[in-house]
Amino acid sequence: MTTSSGFGSVSIAMCGSGGAGVMTAANMFLDAAAEAGYYALFGRSSGPQIRGGEAAALVRLGVDPITSVDDTFDIMLAIDWQGVQRFAAEVPLSKNSLVICDPSAGDVPEVYVKTGAKIVHLHMKDLAKEIPGGRPNMIALGAVAELIGIPVGPLTEVLGKSLKKKRADAYEASVAGVKAGAAAAATLDGAKRLAPAKAKDVKRWTVTGNYGAGLGAIRGGVRFCAAYPITPATEVLEYLSGALPKVGGVFVQAEDELASINMCLGASYGGEASITATAGPGLALMTEGLGLAVASETPVVVVDVQRVGPSTGIATKCEQSDLNIAVYGLHGDAPHLVVAANSVGDCIFTTQWGVYLAESLQTACLVMSDQALGQSRAIIDVPADVAFVGKRLAAVAPAEGEVFKRYANTANGISPMPVPGQPGCQYTSDGLEHTETGTPSSQAADHTMQLDKRQRKLDQFDYGNHWATIEGEGDIAVITWGACTGAAREAIARAKADGVNAKLISLRLISPTRPKHLAEALKGAKKILVVEQSHQGQFTRYLRGEYDLPVKPESLSRSGPLPMRPGEIHARLLSMGK
Amino acid sequence: MSSCESSATYTAKDFKSDVKPVWCPGCGDYAVLSSITKAFADLGLKPHETSVVSGIGCSSRIPAYTNTYGIHSIHGRALAVGQGLKLARPDLTVLVAGGDGDGFSIGGNHFLHACRRNVDLTYIVMDNRVYGMTKGQPSPTTESDWDASAMAPPGGTGMTPFHPLAIALASGANFIARGFSGDPNGTAQVIAEAIRHPGFSFVAIMSPCITFREEQREWKNTMRNVNIEPTTDPAQAARRLMTDDGYNCGILYRGNRPAYGKEKKATNAVSDLDREFTL
């Protein structure tokens, strides 16, 4: 049985108190790894205080694309121990792990000692002192790079890019620090080394899920964003506030989430594809506005970067527990779109697709992301430049003497939508139930007709093969979504090495349901495992409630905030494959 | 479509729709609707380049009664919707309309920030100091001792009425006026001035609800047009508003803060954005 990845990857945790520079070092480390031809995934862990306190940079590097954290860390480097015990659950170590620490920082906390990991000393502080302007984080950076096999060349190149122009002295001190760290580490052994990188034949990107969502939005045609900051969605907004004006768009910081969603609806009514991003508490505030989008058939996209809930929960950690509110949170019968990104890079595509769907279908689309995707940085292959750009079915003015029917009961449920300024198509967009012309109506026939129309347009649309990511074949079907996809993919690969074959089905289109497509994908599956990160098993319940599954699924479901690890799923697959 | 030619001029009637208002007989809002459509026509606007946005309540039904582009949105959010529309489409005339409950209670926060933000739109609040659509509960502008409501405690709410004009001033609004539905021509003039004003303009229009507050019939004898020069001095405006008895009509303050928002101008192609991510 394969117990650890062995997929040519190395996982490293760099820890220290706020200001020690572990995030800076890890970012440079990632850039250098990319320069050397490796792929990587970099998650950051900190408390709710954001700045100050303690911080851990969690980096996994490998020769192939990385979409999941590993079960254990190969190296844990602590610049100091202040508050680092908090990461014990997040940075699981084994007896094969290496702990690198500065003896001047004091004793290794018991929680790490008892893992059986090998503990070695590196005099980061002293080595830094020997260099004018030297800093321990650069010693750490050089040491880790040396240990796992990243050459100094790419490292100094990265330092040059980020420091040379600004401060030559800082650049020189950093290079000297990196070299000193590398030299000191050369005397240490016991670390897992990276396999040689494959030929760097394709261009790579580095992106976080949140920036990717922002880019995807603009690619999809978004030119308006109104939003209120909330962790862990804020970087989507930071990206859009800078990028939207460059492409002729508008970004507004709203006074709250109620204003955000409703400003977006106003802008969208005006003809601009609009987006906002939020997390659970903000989404809760937006649900009334989303209902208006559904009833008035106004396109709008909301990226929900899920965190741990309920209430303010744990703002900086991951969970998949907003599924219920995303799918069922609106009042009334309110069919709308829910799509989910399944990797850091996929945040780009799924958000772009979400904009395209919302604009095509004139309704609300929730793009589900989560803290693990949104705030992680990955090295990915250059994403395809897909052609999905949102386009509404345009209205034409009615003939003289005829009234314009904004909510015309068309065969496919999509009614032509005018843009204000267009003569002859004046109408009132209304959240009240209405007739085909938009006049408020409390009549049963109008209500039923409009409800049918809103459902029909979602059901009849051709979502192509983007409704899910499907990989592999096997007797077991693993159905999952979001950030769990990467862990499931790796678990399936490990199980295959153990002779257990499973198929991965990661739903991108959560709502509306695709019963025929899922039935087709499940053909031949003897067992189903549903993997998710929710205490209540929200996704399992959703699948069981909305789909006729051929067999009763097993559920692998647990709460956040710890990320789903491949080993958990792998162990279950092995027991299912017996 | 001869009526849509850009050279055509429009009368107030062209701005009215065929939908029959749900308002009670004698409601002040009929006259406000007429003042709005008259102001649109007087300004030479075109129905398809004009929009009326509202929230929820009796007065918020107004978009359906106009032949403009309109949004009848949700309770309290009209200003958010209207600001989004105007920021996305600076070429449109945007009028946001609603009542005292919609604007100052559930929508209070948006009111403050719309005054601060100063997006170029006109906000009209038809104030009757009562919730009409839900049958006569006290609103934020209701007198503290008014207790003729099933939901008001004996002796009234005891809460100081909201002072929308003073609050607008304190929040940064640059055009503050009061109108009276009993003077539709004067109100139409104030609305036209408000629309002309660059930036956020706020017009409170006293509009009686004689169904739940029959005593408001008396407003025709108490409302007065002050006919004073609008001050540009916020300190003078503050004195004027804080000593105001609620019955003075006219433009009471006109500041000159520039309107919010930059010109929309693309400087990059979408594909240029990729560079930030390329290694």
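The values are calculated or read from the model by the stated rules, or taken from the named source; none is laboratory data. If you're wondering where the values come from, they're calculated on a predicted model, not measured in any experiment. Counting neighbours? That spans all protein chains shown, and the Cβs are built from the backbone with ideal geometry, glycine included. Accessible surface areas use protein heavy atoms only, side chains included; no ligands, DNA or RNA. Shrake-Rupley method; radii C 1.70, N 1.55, O 1.52, S 1.80 Å.
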Out of the residues in the stretch A:489-524 meeting the condition of being small (Gly, Ala, Ser) and surrounded by 23 or more Cβ atoms within 10 Å (Cβ to Cβ), tell me which one is farthest from residue A:479 (Cα to Cα).
A:495
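Okay, residues lined up against (1) open to solvent by less than 10 Å² (accessible area, probe 1.4 Å); (2) touching a residue at least 40 places away in the same chain (Cβ under 8 Å):
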| site | (1), (2) |
| --- | --- |
| B:63 | yes, no |
| B:75 | no, no |
| B:135 | no, yes |
| B:143 | no, no |
Would you say residue A:527 is open to solvent by 30 Å² or more (accessible area, probe 1.4 Å) and in contact with a strand residue (DSSP E or B) (Cβ under 6 Å, 6 or more places away or on another chain)?
yes
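So, in the stretch B:43-61, of the ones that are over 16 Å from the mean Cα position of the chain (by Cα) and facing chain A (nearest Cβ under 7 Å), which residue ends up surrounded by the fewest Cβ atoms within 10 Å (Cβ to Cβ)?
Filtering the stretch B:43-61 for residues that are over 16 Å from the mean Cα position of the chain (by Cα) and facing chain A (nearest Cβ under 7 Å), the one surrounded by the fewest Cβ atoms within 10 Å (Cβ to Cβ) comes out as B:49.
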When the residues of the stretch B:77-91 are filtered to those that are touching a residue at least 40 places away in the same chain (Cβ under 8 Å) and assigned to a loop (DSSP other than H, G, I, E, B), which remaining residue is nearest to the other protein chains (Cβ to nearest Cβ)?
B:91
Taking the stretch A:118-135 and the residues there that are farther than 11 Å from residue A:101 by Cβ and assigned to a loop (DSSP other than H, G, I, E, B), the one that is most open to solvent (accessible area, probe 1.4 Å) would be A:130
Leading residue by the ranking (farthest from the other protein chains (Cβ to nearest Cβ)) among those in the stretch A:386-418 that are open to solvent by 60 Å² or more (accessible area, probe 1.4 Å) and touching a residue at least 40 places away in the same chain (Cβ under 8 Å):
A:412
Here is a list: A:293, A:277. Which entry is surrounded by 24 or more Cβ atoms within 10 Å (Cβ to Cβ) and not in a helix (DSSP H, G or I)?
A:277
Take the stretch A:98-117 and flag every residue that is open to solvent by less than 30 Å² (accessible area, probe 1.4 Å), of a type outside the set (Phe, Trp, Tyr) and in contact with a helix residue (DSSP H, G or I) (Cβ under 9 Å, 6 or more places away or on another chain).
A:98, A:99, A:100, A:101, A:102, A:109
Within the stretch A:364-385, count every residue that is touching a Gly at 6+ places or on another chain (Cβ under 7 Å) and open to solvent by less than 20 Å² (accessible area, probe 1.4 Å).
9
Suppose we keep only residues that are of a type in the set (S, T, N, Q) and under 19 Å from the mean Cα position of the chain (by Cα) within the stretch A:63-75. Which one would you say is least open to solvent (accessible area, probe 1.4 Å)?
A:68
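Here's the yes/no breakdown for (1) touching a residue at least 40 places away in the same chain (Cβ under 8 Å); (2) open to solvent by 60 Å² or more (accessible area, probe 1.4 Å); (3) away from chain B (no Cβ under 11 Å):
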{"site": "A:424", "(1), (2), (3)": "no, no, no"}
{"site": "A:427", "(1), (2), (3)": "no, no, no"}
{"site": "A:431", "(1), (2), (3)": "yes, no, no"}
{"site": "A:451", "(1), (2), (3)": "yes, no, yes"}
{"site": "A:475", "(1), (2), (3)": "yes, yes, yes"}
Give me the pairs: first residue in the stretch A:173-195 and on the phi > 0 side of the Ramachandran plot, second residue open to solvent by 20 Å² or more (accessible area, probe 1.4 Å), beta-carbon distance under 6 Å, and six or more apart or on different chains, which are they?
A:190/A:118
Residues of the stretch A:76-87 satisfying the condition of being open to solvent by 30 Å² or more (accessible area, probe 1.4 Å) and closer than 17 Å to residue A:116 by Cα:
A:85
Quick one: what pairs do we get from the stretch A:198-221, first residue away from every other protein chain (no Cβ under 11 Å), second surrounded by fewer than 24 Cβ atoms within 10 Å (Cβ to Cβ) and at pLDDT 95 or above, C-beta under 7 Å, 6+ apart or different chains?
A:210/A:235
Which numbered condition in (1) touching a residue at least 40 places away in the same chain (Cβ under 8 Å); (2) away from chain B (no Cβ under 13 Å); (3) not aromatic (Phe, Trp, Tyr) is the only one that residue A:229 fails?
(1)
Any residue at all in the stretch A:136-158 that is touching a Phe, Trp or Tyr at 6+ places or on another chain (Cβ under 8 Å), under 18 Å from residue A:188 (Cβ atoms), part of a loop (DSSP other than H, G, I, E, B) and open to solvent by less than 40 Å² (accessible area, probe 1.4 Å)?
yes
As an exercise: evaluate residue B:40 against (1) at pLDDT 95 or above; (2) away from chain A (no Cβ under 13 Å) and give the number of the one condition it does not meet.
(2)
Looking at (1) more than 19 Å from residue B:195 (Cα to Cα); (2) surrounded by fewer than 24 Cβ atoms within 10 Å (Cβ to Cβ); (3) within 8 Å of chain A (Cβ to nearest Cβ), find the lone condition where residue B:67 falls short.
(1)
Residue list for the stretch A:231-249, restricted to those being in contact with a Leu (Cβ under 9 Å, 6 or more places away or on another chain) and open to solvent by 20 Å² or more (accessible area, probe 1.4 Å)
A:246
Could you pull out the residue among B:119, B:94 that is within 12 Å of chain A (Cβ to nearest Cβ), part of a loop (DSSP other than H, G, I, E, B) and among the aliphatic types (A, V, I, L, M)?
B:119
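So, residue A:277, is that one closer than 19 Å to residue A:245 by Cβ and more than 12 Å from every other protein chain (Cβ to nearest Cβ) or not?
yes
Conditions tested, residue by residue: (1) open to solvent by less than 10 Å² (accessible area, probe 1.4 Å); (2) out of contact with any strand residue (DSSP E or B) (no Cβ under 7 Å at 6 or more places or on another chain).
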residue	(1), (2)
B:171	no, yes
B:203	yes, no
B:210	no, yes
B:220	no, yes
B:226	no, no
B:230	no, no
B:269	no, yes
B:276	no, yes
I'd like to check something: does the stretch A:236-244 contain any residue that is at the interface with chain B (Cβ under 8 Å from one of its Cβ atoms), touching a helix residue (DSSP H, G or I) at 6+ places or on another chain (Cβ under 9 Å) and not in a loop (DSSP other than H, G, I, E, B)?
yes
(1) over 27 Å from residue B:41 (Cβ atoms); (2) within 14 Å of chain A (Cβ to nearest Cβ) all hold for residue B:259 apart from (1)
